[in-house]
Structure formats: structure tokens, C-alpha cells
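Step one of this worksheet: look at the structure below.
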Amino acid sequence: LTKYGIIEKFKLGFCDNSLPKCIPASNDTDGILIRAKFKKPGIMRKNGHEHYHGCLTIPVFDEHGNVIQLYGRKINDALRKTSIFHAYLEGPHRGVWNLEALAVNKEIILCESLIDALTFWCHGFPNVTASYGVKGFTDDHLTAFKKYKIQRILIAYDRDDEGDIAAEIISKRLIEEGYEVFRILFP
């Protein structure tokens, strides 16, 4: 990852469960206040554990540089059946990843996930952004496409049933909005 410069550019991180050890104890007044601040957006769970423990983390910034969403992808596939592979902050998905690309391109590749989008970026396609999964294309995406006057959208969702169905639904919506839309099909 360092070869591509994406750690610094996109402020990638990793949660190793050290957060509770870096703040005052949970029975300390300052510790209680700090933990409450981490629990409110969902960074820390109510039980005091990190929500993103074991995850590569990818922040989503607004145009002012504020983090408005945080995506986490577990990097170990050997998890309990109840574990989640994809984690987000509590509440509705917000923001659009890689707004910089929208500001300078009229054609955007829309991926299903941020990991997919990072892969495109590393392979020389910086004009990329991502939904928050197959059901994660939001009004924020559409608003940003309009704001930055995007003309063509290339949908690069996974080639499974869920990805194909979601790509079809999103393409119809985007075509109705006046965009030129294509589906990228990988083997």
C-alpha cells in the first residue's frame, strides 16, 4: 500500500483494540467523558470495545476535510459467524468518498465498496468513488454527481446476483437523471 501512497492520501488506518488503553480509565471522570464522545458516533461500542477492532479503516471526508463517515473492513476472514466484515458509523450512510475525483473528472467509476475503489485507484484509475455496498448508493452520491457536473458513470459492481441487481436499479435511476451510464463487466 505504501508503494501507491494511498495510506497518506486517504488517511487509511487500522484498529488494533488499543484505543481503550490510550484514554483514561473507564471509572475516571475524563475517561467517562472521552468514551461517551467515542460512543456517540459509534466508534466505541456501549460495552467499551472498539467497533472497528481488526479493521482496515477508511475515512470519508466532506469538502471541508471533516470526517463524516468511517468504513471498516475486517482483514481476518476467520471470524465468528456473528462478526461483520464491513463496519460503518451508526446512522445513515453519509458522504462521498474521493470527492477530489468528482471535482476534476466528468466520468466516474462507481464501485460497490471502498476497497474496490481503492483497487481501481491503485491501478491508475483515480476517477473512482464507491457506494456503501449494493444498497448503499445514497442521495449524497447523486447530489455530488450533480454538483460536480458528472456526465458519465461506469458502474463496476461485483458480478454476483446482488451486484447485478443493484447495478440495474442504480443505472435506471441515473439514466432518469440524465446521466450516460455503462456497466463494467469483469469475468
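The values are calculated or read from the model by the stated rules, or taken from the named source; none is laboratory data. What you are looking at is a predicted structure, and each value in this text was computed from that prediction instead of being measured. Here the Cβ is made from the backbone with ideal geometry for all residues, glycine too, and neighbour counts use every protein chain on show. Each accessible area value is taken on the protein alone, full model and side chains, heavy atoms only, with ligands, DNA and RNA left out. Shrake-Rupley method; radii C 1.70, N 1.55, O 1.52, S 1.80 Å.
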Kindly indicate whether HIS141 is open to solvent by 80 Å² or more (accessible area, probe 1.4 Å), closer than 23 Å to HIS86 by Cβ and not charged (D, E, K, R).
no
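Of all the residues that make up the stretch 125-166, how many are small (Gly, Ala, Ser) and over 19 Å from TYR88 (Cβ atoms)? Spell out how you get there, then give the answer.
Of all residues in the stretch 125-166, those small (Gly, Ala, Ser) come to 130-131, 133, 136, 144, 156, 163, 166.
With the extra rule that they be over 19 Å from TYR88 (Cβ atoms), the set shrinks to 156.
The number of residues fulfilling the criteria is 1.
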Find all pairs meeting these conditions: Cβ atoms under 7 angstrom apart; at least six residues apart or on different chains; first residue within the stretch 82-97 and without any contact (Cβ under 8 Å) to a residue 60 or more places away in the chain; second residue open to solvent by 40 Å² or more (accessible area, probe 1.4 Å) and in a loop (DSSP other than H, G, I, E, B).
LEU89/PRO41; GLU90/PRO41
Which listed residue is of a type outside the set (Val, Ile, Thr), within 20 Å of ILE115 (Cα to Cα) and open to solvent by 70 Å² or more (accessible area, probe 1.4 Å), from LYS11, LYS21
LYS11
Just to verify a result, which residue in the stretch 33-57, among those that are farther than 28 Å from VAL96 by Cβ and either open to solvent by 90 Å² or more (accessible area, probe 1.4 Å) or of a type in the set (Gly, Ala, Ser) (or both), is nearest to the chain's Cα centre (by Cα)?
HIS49
